[in-house]
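Chemist: Quick one: structure below, then a few questions.
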Amino acid sequence: MSHDRRVELAVDLSNRTGRTDAIYRALHAALTTGRVPAGERLPSTRDLAGDLGVSRASVATAYERLVAEGFLETRTGAGTFATAAASDTPLVRHRSPGALRPRAGWRWSVRPASGDAPVPAHDFRVGIPDASLFPFETWRRLLAAESRAGGPAAGSYGGPAGLPRFREAVARYVAGSRGVHAGPDDVIATTGAQQALDLVARVLLEPGDTVAMEDPGYPEARELFALHGARVVPVQVDAEGLVVDQVPARARLIYTTPSHQFPLGMPLSLARRRALLAHAARHGAAVIEDDYDSEFRRARRPLESLQALDRDGRVVYVGTFSKSLLPGLRVGYLVAPPSLRDALLAARQLTDGHGAVHVQAALARFIDDGLLARHVRKASAHYTERYEILLDALADLPVEPVPSAAGLHVAAYLPADAPVGSAAVVARARRRSVALDSLAAFAVGPHRDGMVLGIGGAVTSSIRPGIRVLGRLLAP
């Protein structure tokens with residue numbers, strides 16, 4: 001244990017019982033509450049007396065009393081140390097649960113995160129990329145270069161839009177990969193897609209506004225909009241994606257995942273894309289296009305992005321590097337029409353200021369040097385292989401996979417007469433170290449039952465064994 005940590009001691013010296021007693025009580029509380037752990041060296045009596053502005057004798061007497069009670073021990077030539085007896089003593093004071101409560105109507109709670117649990121043997125969890133494919137050594141060198149003294153914005157606060165060269169790199173990247181019409185000034189750096197959605201909601205939504213969302217859809221987006229006081233209306237999805245005719249005319253905001261619908265996987269057809277933009281223009285709505293992992297395409301010619309088709313400046317394009325690289329980088333972006341830029345920047349600045357500029361700088365180099373494109377090509381080959389293995393394995397199960405041209409997961413419907421529902425299958429599978437999701441977890445209204453299986457975190461050799469376990473669970 002390090003013995004260089006300075007013990008901060010708050011001592012009330014105004015008490016009539018005397019300074020020695022006050023010092024004793026403060027030390028006793030620090031020792032028995034764990035603030036000074038067993039084995040920690042305390043300051044010398046001279047140093048502590050100097051810090052407190054009291055006589056050395058007052059501190060020495062308090063130390064002697066604690067030594068006699070077994071809370072401290074002296075070691076010749078080394079100093080005074082906390083003993084194990086202090087940490088074994090029941091706390092003198094119990095922490096109050098607190099009188100404060102969330103605001104009226106609060107209904108949200110923390111959701112389990114993928115990093116909170118051990119990795120299962122057969123990992124079909126949704127939204128997880130394969131970290132083993134990431135070029136950690138290359139990234140370490142780039143990050144180290146940008147973190148040196150004198151790096152980007154060293155010693156100062158960054159702007160809410162993000163580092164200029166990061167925005168330039170992102171603008172070129174989305175233009176080349178998705179045909180998005182964007183210059184550097186249209187790009188705003190975020191800590192991920194969730195923050196981008198939060199910024200848009202802060203700027204556009206009033207309590208009581210209507211938000212239209214695909215159903216099934218992304219739960220974190222749905223709950224975020226509700227958190228801002230919006231009325232979230234589920235809209236049916238069919239083989240062509242969002243059913244635009246069912247979008248309420250009163251919807252202030254429409255959230256969609258057109259590249260491959262989350263979680264089902266089909267793209268929004270070109271006719272529906274045009275219909276959606278026409279609806280937004282007719283009713284004065286904004287559209288969020290969440291292009292969450294469109295890099296991993298299995299079709300050669302992807303449809304144009306909604307943002308590229310937009311002529312009225314109604315689409316906010318949201319992207320993230322959490323799937324194409326790593327969630328832990330916490331880097332994403334949004335491309336906003338000029339009419340929203342200043343408001344979004346103000347919202348970003350007022351909520352968390354700005355992102356990590358050295359990470360943005362390293363990622364800009366990663367993109368400009370062609371390393372992102374190379375990584376995506378490499379990862380896509382692995383994910384395509386897993387996708388094909390998964391589909392082949394699912395062919396032996398009583399399920400109906402939903403066709404998908406991109407992404408890191410596959411949805412599969414269960415038959416109407418399935419002997420067991422997906423929620424029960426997921427729970428039983430978890431006990432056998434097989435992790436996947438129930439389609440019901442993403443739906444609000446009535447919808448066909450099914451499962452969602454990720455391929456990003458799945459070890460290729462574990463796919464078929466994991467599906468065999470599912471097959472046994474689905475058997476009558």
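The values are calculated or read from the model by the stated rules, or taken from the named source; none is laboratory data. Just so we're clear, the structure is a prediction, and the values are computed from it rather than from any experiment. For neighbour counting, all protein chains shown are included, and Cβ atoms are generated from backbone atoms with ideal geometry for every residue, glycine included. The accessibility values were calculated without ligands, DNA or RNA, using every heavy atom of the protein model including side chains. Shrake-Rupley method; radii C 1.70, N 1.55, O 1.52, S 1.80 Å.
Chemist: Across region 131-154, which residue is nearest to Val376 (Cα to Cα) among those that are assigned to a loop (DSSP other than H, G, I, E, B) and at pLDDT 90 or above?
Modeler: Phe134
Chemist: Just to verify a result, which residue in region 1-19, among those that are within 17 Å of Ser44 (Cβ to Cβ) and either among the aliphatic types (A, V, I, L, M) or surrounded by 17 or more Cβ atoms within 10 Å (Cβ to Cβ) (or both), is modelled with the lowest pLDDT?
Modeler: Of everything passing the filter in region 1-19, Val7 is modelled with the lowest pLDDT.
Chemist: Evaluate the following for Gly332: is it in contact with a helix residue (DSSP H, G or I) (Cβ under 6 Å, 6 or more places away or on another chain) and closer than 19 Å to His260 by Cβ?
Modeler: Spelling it out, Gly332 is indeed in contact with a helix residue (DSSP H, G or I) (Cβ under 6 Å, 6 or more places away or on another chain) and closer than 19 Å to His260 by Cβ.
Chemist: Within region 294-313, does at least one residue satisfy the condition of being touching a residue at least 24 places away in the same chain (Cβ under 8 Å), among the small types (Gly, Ala, Ser), out of contact with any strand residue (DSSP E or B) (no Cβ under 9 Å at 6 or more places or on another chain) and not in a helix (DSSP H, G or I)?
Modeler: Checked against the condition, which is being touching a residue at least 24 places away in the same chain (Cβ under 8 Å), among the small types (Gly, Ala, Ser), out of contact with any strand residue (DSSP E or B) (no Cβ under 9 Å at 6 or more places or on another chain) and not in a helix (DSSP H, G or I), region 294-313 yields at least one hit.
Chemist: Only residues that are among the hydrophobic types (A, V, I, L, M, F, W, C) and touching a Pro at 6+ places or on another chain (Cβ under 8 Å): list them for region 377-398, please.
Modeler: Ala379, Leu391, Leu394
Chemist: Condition first: in a loop (DSSP other than H, G, I, E, B), more than 17 Å from the chain's Cα centre (by Cα) and either closer than 30 Å to Ala373 by Cβ or basic (Lys, Arg) (or both). Now tell me which residues in region 93-130 satisfy that.
Modeler: Arg93, Arg95, Arg101, Arg103, Arg107, Val119, Phe124, listed by residue number.
Chemist: Let me ask something else. What do you reckon, is Arg282 crowded, with 18+ Cβ neighbours inside 10 Å and basic (Lys, Arg)?
Modeler: No.
To keep it simple, each residue is scored yes or no on (1) polar (S, T, N, Q); (2) touching a Lys or Arg at 6+ places or on another chain (Cβ under 8 Å); (3) open to solvent by less than 40 Å² (accessible area, probe 1.4 Å); (4) free of Cβ contacts under 8 Å to residues at least 40 places away in the same chain.
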position: Pro160; (1), (2), (3), (4): no, yes, yes, no
position: Gly176; (1), (2), (3), (4): no, no, no, yes
position: Thr190; (1), (2), (3), (4): yes, yes, yes, no
position: Val200; (1), (2), (3), (4): no, no, yes, no
position: Gly208; (1), (2), (3), (4): no, yes, no, yes
position: Leu227; (1), (2), (3), (4): no, no, no, no
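Chemist: For region 259-273, give me the residue count where each residue is in a loop (DSSP other than H, G, I, E, B) and open to solvent by less than 10 Å² (accessible area, probe 1.4 Å).
Modeler: Selection size over region 259-273: 6.
Chemist: Filter region 199-258 down to the residues that are in a loop (DSSP other than H, G, I, E, B), of a type in the set (Gly, Ala, Ser) and touching a Pro at 6+ places or on another chain (Cβ under 8 Å) and list them by number.
Modeler: Within region 199-258, Gly217, Gly229, Ala230 qualify.
Chemist: Moving on to the next point. Might you check whether a residue that is crowded, with 17+ Cβ neighbours inside 10 Å, farther than 17 Å from Ala161 by Cβ, among the charged types (D, E, K, R) and in contact with a strand residue (DSSP E or B) (Cβ under 8 Å, 6 or more places away or on another chain) occurs anywhere in region 340-357?
Modeler: Checking region 340-357: not a single residue is crowded, with 17+ Cβ neighbours inside 10 Å, farther than 17 Å from Ala161 by Cβ, among the charged types (D, E, K, R) and in contact with a strand residue (DSSP E or B) (Cβ under 8 Å, 6 or more places away or on another chain).
Chemist: Sort out which residues of region 167-198 are out of contact with any Ser or Thr (no Cβ under 8 Å at 6 or more places or on another chain), closer than 22 Å to Leu329 by Cα and in a loop (DSSP other than H, G, I, E, B), and write them in order of number.
Modeler: Thr191 - this is the single residue of region 167-198 that is out of contact with any Ser or Thr (no Cβ under 8 Å at 6 or more places or on another chain), closer than 22 Å to Leu329 by Cα and in a loop (DSSP other than H, G, I, E, B).
Chemist: Provide a single number: the residues in region 87-130 that are surrounded by 14 or more Cβ atoms within 10 Å (Cβ to Cβ), modelled with pLDDT under 80 and out of contact with any Gly (no Cβ under 8 Å at 6 or more places or on another chain).
Modeler: 1
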